[in-house]
Amino acid sequence: MTNVSVTLSGLDADWAKACRNAVTRLNFLFKQNGIAVVLSAGGSKGPTITVSTDPGIKGDAVHGRTSAESDGANRLIQAKVGLPEKVTINTPQGVRKAGTGILEIIAAHEFVHALGQAEHSSHLMAQTFYKEPGDNAAGDKLKAGGVKLPPLLLAPDTVDTLKGIWS
Ligand SMILES: [Zn+2]
């Protein structure tokens, strides 16, 4: 079992909450699927994922930016994850900030890139997401193919990829 520290650097309250939720949910899915890695928000042991917002990423983007350094077995040494400063969503009542559920999916997507899945596939690791506003921010979703997230789900190929690296 490898412990990976997730360092939240200067994030606002919404992003910090979303990242912590992503860590909790990913750890649950990793355990359920026999992926031998545990993320630890605020931890200091093991490889580190440093998360911060990046003013260079546009607010209407539903993607962050990850650069990861890995060893020969594709295991993370250290990664930097950049997140958009503010994510907005169009609703019939106008533009507002997207809910933390959407932020959780964006963060988790980048964490899985950092843990070794380079290619896009489906579910959490889809290439393209469409924003679907809820009646309020808590109901906001990202849609990819026929899947709406949250809840955060890992496609079988993502489980296989991560299992192959973290076993
Ligand atoms: Zn991606």
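Quick notes on this one:
- When residue 133 is tested against the conditions (1) away from the ligand (no atom under 16 Å from the Cβ); (2) at pLDDT below 95; (3) crowded, with 16+ Cβ neighbours inside 10 Å, the lone failure is (2).
- Residue within segment 105-112 that is at pLDDT 95 or above and touching an Asp or Glu at 6+ places or on another chain (Cβ under 7 Å) present: no
- Those residues of segment 145-167 which are assigned to a strand (DSSP E or B) and under 30 Å from residue 77 (Cα atoms), in sequence order: 149
- Strands (runs of 3 or more DSSP E) contained in segment 1-104 and holding at least 2 residues over 21 Å from residue 131 (Cβ atoms): 2-8, 37-41, 48-53, 65-70, 76-83
- Across segment 67-88, a minimum of one residue is classified as polar (S, T, N, Q) and in contact (Cβ under 8 Å) with a residue 60 or more places away in the chain.
- Residue pairs meeting the criteria (Cβ under 7 Å; at least 6 apart or on separate chains; first free of Cβ contacts under 8 Å to residues at least 60 places away in the same chain, in segment 129-148; second β-branched (Val, Ile, Thr)): 133/89; 133/91; 140/89; 140/102; 144/128
- No other residue among 44, 40 is on the phi < 0 side of the Ramachandran plot and modelled with pLDDT of 95 or more apart from 40.
- Test for residue 80: is it at pLDDT 95 or above and in contact with a strand residue (DSSP E or B) (Cβ under 9 Å, 6 or more places away or on another chain): yes
- Looking only at segment 84-121, and only at residues there that are hydrophobic (A, V, I, L, M, F, W, C) and away from the ligand (no atom under 16 Å from the Cβ), the one that is surrounded by the most Cβ atoms within 10 Å (Cβ to Cβ): 98
The values are calculated or read from the model by the stated rules, or taken from the named source; none is laboratory data. Here the structure is a predicted model, which is why all the values come from computation and not from measurement. Because the Cβ atoms are built from the backbone with ideal geometry, glycine has one as well, and the counts that use them run over all protein chains shown.
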